[in-house]
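One structure is given here, and the rest of the page talks about it.
The values are calculated or read from the model by the stated rules, or taken from the named source; none is laboratory data. It should be emphasised that the depicted structure is a prediction, and the values quoted were computed from it without experimental measurement. Note that we place each Cβ from the backbone using ideal geometry, even for glycine, and neighbour counts take in every protein chain shown. These area figures cover heavy atoms from the full protein model, side chains too; ligands, DNA and RNA do not enter into them. Shrake-Rupley method; radii C 1.70, N 1.55, O 1.52, S 1.80 Å.
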Amino acid sequence: MNPSTYEIAISIIVATLLFLLLAGFIFAFFIIFQKRKREYLAEKLNLQNTFQQELLKTQLEIQEQTFQNISQEIHDNIGQTLSFVKLNINTVSFDLISERDKEKLNESKDLLTRVIQDLRDLSKTLNTDFIKEIGLVKAIEQQLQILQKSGVYKTNLLVTGEAFEISLQFKLVLFRVVQEVLNNIVKHANASCINILINYKHDMLMIVINDNGRGFDLKELESNKGIGFRNMVNRMRLIKGLIKVNSVAKKGSSVTIELLK
């Protein structure tokens with residue numbers, strides 16, 4: 001091999017090594033850049049999720065405090081005022097009034113008694129301590145009893161599986177979601193029957209709420225009309241739970257709430 005050919009070969013080898021070194025450097029830089037980018041995006045997303053969770057938690061705390069204040073107002077003022085009205089009616093002398101007026105007074109007393117009891121029930125369900133005292137299942141059962149007493153609904157509650165302990169905060173979120181579902185049924189479903197299944201599975205708690213109402217278009221959940229549903233989804237997300245809805249026109253609806261153990 002003459003010197004010129006040798007020098008050319010050395011140059012080619014050196015050039016090839018430099019190219020491979022540069023390519024390796026670029027490749028390593030790209031890998032590191034992508035890794036840092038993923039870490040940055042993950043950290044940013046985590047911060048956003050944390051912020052959203054803290055914001056939602058604050059909103060829930062404010063809402064619960066508002067419920068607490070309303071509960072206290074109902075108990076201390078409205079309920080007592082109605083009790084005084086009932087007491088005044090009881091002191092009315094029936095001797096100087098007609099039978100028709102007596103019937104009206106008795107009907108008014110009965111209505112006042114019912115309203116006072118309904119307000120007491122409402123006051124309890126708005127009070128956070130209510131869940132702590134009687135537990136999730138009893139609280140849901142009382143909600144169904146209130147609906148049953150209205151005479152409009154036939155209700156049924158079935159509890160299956162072996163119950164396990166859930167934190168008070170989680171119980172409260174679950175109860176408020178169930179309340180919201182029942183409220184939607186009362187306002188929109190035109191139902192006559194409501195069934196709730198509380199199923200304690202080995203790995204989760206599942207609550208299924210069924211009604212025999214008119215059903216609805218699931219697409220509405222994606223529109224502005226579905227704000228209430230999105231609020232329930234956000235509540236469940238806060239406790240790492242899920243809520244799913246199924247509805248068939250004229251055949252009712254089913255809402256499934258799931259919370260991992």
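List the pairs whose first member sits in segment 126-148 and is touching a residue at least 40 places away in the same chain (Cβ under 8 Å), whose second member is outside any helix (DSSP H, G or I) and polar (S, T, N, Q), and whose Cβ atoms are under 8 Å apart, counting only residues at least 6 apart or on separate chains? Partner pairs satisfying both residue conditions: L144/T155; L144/N156; L147/T155.
Entry remark, segment 246-261: residues being under 18 Å from M204 (Cα atoms) and open to solvent by less than 90 Å² (accessible area, probe 1.4 Å) number 5 in total. Scanning segment 151-161 finds no residues that are modelled with pLDDT under 90, open to solvent by 30 Å² or more (accessible area, probe 1.4 Å) and among the polar types (S, T, N, Q). Test F164 against the criterion of being of a type in the set (A, V, I, L, M, F, W, C), in contact (Cβ under 8 Å) with a residue 60 or more places away in the chain and not in a helix (DSSP H, G or I), and give yes or no. It is true that F164 is of a type in the set (A, V, I, L, M, F, W, C), in contact (Cβ under 8 Å) with a residue 60 or more places away in the chain and not in a helix (DSSP H, G or I). Restricting segment 84-131 to residues that are surrounded by 13 or more Cβ atoms within 10 Å (Cβ to Cβ) and small (G, A, S), the residue that is modelled with the lowest pLDDT is S123. Which condition number in (1) of a type in the set (S, T, N, Q); (2) out of contact with any Phe, Trp or Tyr (no Cβ under 8 Å at 6 or more places or on another chain); (3) closer than 23 Å to I131 by Cα; (4) modelled with pLDDT of 90 or more is the one that N234 fails? Status for N234: all satisfied but (4). When the test is whether a residue is among the small types (G, A, S) and buried (at least 16 other Cβ atoms within 10 Å of the Cβ), A189 passes it.
Table: residues versus (1) among the hydrophobic types (A, V, I, L, M, F, W, C); (2) free of Cβ contacts under 8 Å to residues at least 60 places away in the same chain; (3) surrounded by fewer than 17 Cβ atoms within 10 Å (Cβ to Cβ).
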position	(1), (2), (3)
L168	yes, yes, yes
V181	yes, no, no
M204	yes, yes, yes
I209	yes, yes, no
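Residues that are over 20 Å from the mean Cα position of the chain (by Cα), assigned to a helix (DSSP H, G or I) and under 29 Å from T113 (Cβ atoms) occur at least once in segment 131-138. Scan segment 142-149 and tell me whether some residue there is open to solvent by less than 60 Å² (accessible area, probe 1.4 Å), within 17 Å of the chain's Cα centre (by Cα) and over 21 Å from L242 (Cα atoms). Yes, segment 142-149 has at least one match.
Scanning segment 167-218 for residues that are outside any helix (DSSP H, G or I), of a type in the set (G, A, S) and more than 17 Å from R237 (Cβ to Cβ) yields a total of 4.
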